[in-house]
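Report on one structure; see the data block that follows.
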Amino acid sequence: MRTGKIGQFSPGSAILPNSVSLLSLVGAELATPPQARKGRPPQRRCPTQAGCGYGFGRLGMTSLEGRQQRVRYTTASTPGESIGVSEKKKGAKLFPMFLKIAGRACLVVGAGAIAESKIASLVEAGANVRVIAPEATERVRVRATEKKIEWQKREFQVEDLAGMFLVVAATSSRELHEEIFKEARQRGVLCNIVDVPELCDFYYPAVVQRGALQIAISTSGRSPALAQRLRKELEEKFGPEYEDWMEHLGNARDEQDTEDSDPQGRKRLRHEQASAKAFDAFRRKRKNAKSKSK
């Protein structure tokens, strides 16, 4: 087995809105790659250095390349060699989806400021979160004390991936990141190595959050700065009033679902209720109500 000395985490920053899942991917088989079918590799202990990375807030744009049967599978043969499949095919597109992870086992390796934000988004989405790191920020420690997450104060071991749905890693060790990605692939575990696009099965997009409304932006890792700028512009266009608007539309839809009406007529009504004209009327009514309450 291989061991390494564990370092301290370094602070960082990230943008993390609340997490709400709208869609799930049904029937997508995360097949075990050929190496795993012939016998799993020896279990090894990996060196970790808690650190920080760079990324955005929510599970979103996902690459399924290499995840289906009969698809070419690529891993690194030597440390430092790029093992990302998406970089091998420049024309590969991401599959956009909002993922339901409530009750699913999710692993986070690292507990610095960047990992802290990833942990928060997973907890808010209802995931069962296990954190592996020798040190942690104060917020991560509080979550562990409150039993919102499980924190194991130690270095990462490949056995930690057993039974996991996904893993997020934010440390300062490139070697460890490559090890996690390779082992996750062999086990069919979705993987995100923060700030290393070629070692990611999915990216965290920039997200505008207005209650149940989510607008996710991804540049496929090419320009996170552009994604941030677009997010800010969209936050101005879709203001806080959209949260109440979404609640209003949701309540109206629930009421209509209980009515015995023509499906086509119900569809037309819902589109009318969601129109720009209806939104302007809702906003005026909301403004007048606030004025009267003063």
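Kindly indicate which of 140, 123 is assigned to a helix (DSSP H, G or I), of a type in the set (A, V, I, L, M, F, W, C) and over 22 Å from residue 216 (Cα atoms). Even if it seems obvious, please write down each step before you answer.
Details: 123 fails: over 22 Å from residue 216 (Cα atoms).
Only one candidate passes the filter, namely 140.
Given the criterion under 25 Å from residue 282 (Cβ atoms), surrounded by fewer than 17 Cβ atoms within 10 Å (Cβ to Cβ) and in contact (Cβ under 8 Å) with a residue 60 or more places away in the chain, identify the matching residue among 212, 216. Full working, then the answer.
On the way: 216 fails: surrounded by fewer than 17 Cβ atoms within 10 Å (Cβ to Cβ).
So the residue among 212, 216 that is under 25 Å from residue 282 (Cβ atoms), surrounded by fewer than 17 Cβ atoms within 10 Å (Cβ to Cβ) and in contact (Cβ under 8 Å) with a residue 60 or more places away in the chain is 212.
What about residue 229, is it part of a helix (DSSP H, G or I), of a type outside the set (Asp, Glu) and more than 30 Å from the chain's Cα centre (by Cα)?
The answer is no for residue 229.
How many residues does region 219-265 hold that are more than 24 Å from residue 276 (Cα to Cα), polar (S, T, N, Q) and either without any contact (Cβ under 8 Å) to a residue 24 or more places away in the chain or in contact with an Asp or Glu (Cβ under 8 Å, 6 or more places away or on another chain) (or both)?
The qualifying residues number 4.
Residues in region 263-294 that are surrounded by 10 or more Cβ atoms within 10 Å (Cβ to Cβ) and in a loop (DSSP other than H, G, I, E, B): how many?
Looking only at that region, the number is 2.
Can we say residue 131 is without any contact (Cβ under 8 Å) to a residue 40 or more places away in the chain, more than 25 Å from residue 214 (Cα to Cα) and not in a helix (DSSP H, G or I)?
Yes, satisfied.
If we scan region 190-207, do we find a residue that is free of Cβ contacts under 8 Å to residues at least 40 places away in the same chain and among the charged types (D, E, K, R)?
For region 190-207, residues free of Cβ contacts under 8 Å to residues at least 40 places away in the same chain and among the charged types (D, E, K, R): absent.
Could you tell me whether residue 153 is farther than 14 Å from residue 196 by Cβ and free of Cβ contacts under 8 Å to residues at least 24 places away in the same chain?
Numbers: farther than 14 Å from residue 196 by Cβ: yes; free of Cβ contacts under 8 Å to residues at least 24 places away in the same chain: yes.
Yes.
Consider residue 256 against the criteria (1) surrounded by 11 or more Cβ atoms within 10 Å (Cβ to Cβ); (2) of a type in the set (S, T, N, Q); (3) under 18 Å from residue 210 (Cβ atoms): it satisfies all of them except one. Which criterion is unmet?
Failing condition for residue 256: (3).
For residue 252, are the conditions met, namely being in the same structural domain as residue 125 (by TED's automatic domain parsing) and outside any loop (DSSP other than H, G, I, E, B)?
no
The values are calculated or read from the model by the stated rules, or taken from the named source; none is laboratory data. Since the structure is predicted, the reported quantities are computational estimates derived from the model, not experimental observations. In this analysis, Cβ positions are derived from the backbone assuming ideal geometry, glycine residues included, and neighbour counts consider all displayed protein chains.
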